[in-house]
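To start, the structure under review is shown below, and the notes come after it.
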Amino acid sequence: MNNIPKSFLNERGCVLLLVVLLTVLLQSAAGAQGQAFLLKQARSVSEKSPAAGFKLYESLCRKYPYDLSLLYEKIRTGRDAEKPPRLEECNRLIEADPLAKRYRHIYTWRALAHMDNFDEEAALNDCIKSAQLGDKAGETAILMCKLYQAMNRHNEAIACIKEKFKLENKEDSYGHELMAYSYSALKQEESALKEYERSLALDPNNLKVLLNHAVYLEQIHRGKEALKDLERILKIEKNNDIALQLRAKIYYKLGRYKECISDLNQYVQTEFNKEPAPSALELRAEAYKKLGLSALARKDLDRSKQIRDKH
């Protein structure tokens, strides 16, 4: 890390610039000119560091509480800085612009605020409103899909992503992953598998999709096919605990007990597994039994019981 050149606007530089700009804000004799200058600089800072830009917009909003354009920029920058929008702030913008002509995406952002308050119905209504106003793709489509999935309305979730692909005239790995999940929930196995394949074709080394695909194959009793995905995962991340346990489970079902034990040994011995999952110890015990190693099996079963009793 010490060899990385320090650019003018690295994280530290953004913070220093933020302090300077705030000083200008507080000392500015010409309020309107100071505001315009700082707004321009805030946009520049946000491009380099959304987190620093968000802090600057927060300060500007406190200084100019009635300037809704600043509030909008604060929320927009907050999305990039992973700062969730606040419901009351979104409400102010919607009251001023109910058709979202000036403040695009504001209904979708309010939907996120509703989700933070665990109000899925209100969030979905805002997503639908956003779509009715023409904001049907991008974040709106993804959020609406997830909400439909949470409500077990999987056909509508799939339709959201298909519409998104059509509007954007392109497909993405995440959209196909979401559709795969919905098809699997609908027990449409071949459709689910096709969506996983399409997702991986667009992002071959996505560990999450590889793992979900492998888990699904094992669930539908096609564990042998899942081994290819698990091998790819473990080449990228050799101590992936979920992949090791799943492959061990498949090896056990295939009668490959030594390989099952080998994977579980690796899982148990990894640095972050001071207290392994009892199910992993119990599976290894069963594999030991199959090989006639009853003493080792008993040791694993005793340790599993201790962990379960502890929790």
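The values are calculated or read from the model by the stated rules, or taken from the named source; none is laboratory data. Computed from a predicted model, the values in this text were never measured in an experiment. Reconstructed Cβ throughout: ideal geometry from the backbone, glycine too, with neighbour counts over all protein chains shown.
Out of L143, L178, L167, I need the residue that is assigned to a helix (DSSP H, G or I) and surrounded by fewer than 21 Cβ atoms within 10 Å (Cβ to Cβ). Which one?
Details: L143 fails: surrounded by fewer than 21 Cβ atoms within 10 Å (Cβ to Cβ); L178 fails: surrounded by fewer than 21 Cβ atoms within 10 Å (Cβ to Cβ).
It is L167.
For K162, are the conditions met, namely being of a type outside the set (S, T, N, Q) and not in a helix (DSSP H, G or I)?
No.
Considering only residues that are in contact (Cβ under 8 Å) with a residue 24 or more places away in the chain and within 25 Å of P98 (Cα to Cα), which ones fall in region 44-62?
Hits for region 44-62 are F54, L60.
Collect the residues in region 98-124 that are without any contact (Cβ under 8 Å) to a residue 24 or more places away in the chain and over 22 Å from the mean Cα position of the chain (by Cα), keeping them in residue-number order.
P98, K101
Between K258, K235, K249, K228, which is in contact with a Gly (Cβ under 9 Å, 6 or more places away or on another chain), more than 27 Å from E156 (Cβ to Cβ) and basic (K, R)?
K249
Is there any pair with a first residue in region 191-212 that is over 19 Å from L246 (Cβ atoms) and a second that is modelled with pLDDT of 95 or more and of a type in the set (S, T, Y) whose Cβ atoms are under 7 Å apart and which are 6 or more apart or on different chains, and what are they?
S191/Y183; E195/Y183; L202/S173; D203/S173
So in region 37-57, with the set limited to residues that are assigned to a helix (DSSP H, G or I) and polar (S, T, N, Q), which one is surrounded by the fewest Cβ atoms within 10 Å (Cβ to Cβ)?
The qualifying residue surrounded by the fewest Cβ atoms within 10 Å (Cβ to Cβ) is S44.
Just for region 266-287: of the residues that are assigned to a helix (DSSP H, G or I) and touching a Phe, Trp or Tyr at 6+ places or on another chain (Cβ under 8 Å), which one is surrounded by the fewest Cβ atoms within 10 Å (Cβ to Cβ)?
The selected residue is E286.
Quickly run through region 186-198 and pick out the residues that are in contact with a helix residue (DSSP H, G or I) (Cβ under 7 Å, 6 or more places away or on another chain) and either under 18 Å from L143 (Cα atoms) or not small (G, A, S) (or both).
L186, E195, Y196, R198
Can you tell me how many residues within region 168-202 are among the aliphatic types (A, V, I, L, M) and more than 17 Å from N152 (Cα to Cα)?
Qualifying residue count for the region: 4.
A quick yes/no check of all residues on (1) touching a helix residue (DSSP H, G or I) at 6+ places or on another chain (Cβ under 9 Å); (2) outside any loop (DSSP other than H, G, I, E, B):
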residue	(1), (2)
K83	yes, no
I94	yes, yes
T108	yes, yes
M115	yes, yes
F118	no, no
N125	yes, yes
A131	yes, yes
D135	yes, no
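Matching residues to (1) assigned to a loop (DSSP other than H, G, I, E, B); (2) crowded, with 19+ Cβ neighbours inside 10 Å; (3) among the polar types (S, T, N, Q):
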| position | (1), (2), (3) |
| --- | --- |
| S184 | no, yes, yes |
| S199 | no, yes, yes |
| P204 | yes, no, no |
| L217 | no, yes, no |
| H221 | yes, no, no |
| E231 | no, no, no |
| K258 | no, no, no |
| L264 | no, yes, no |
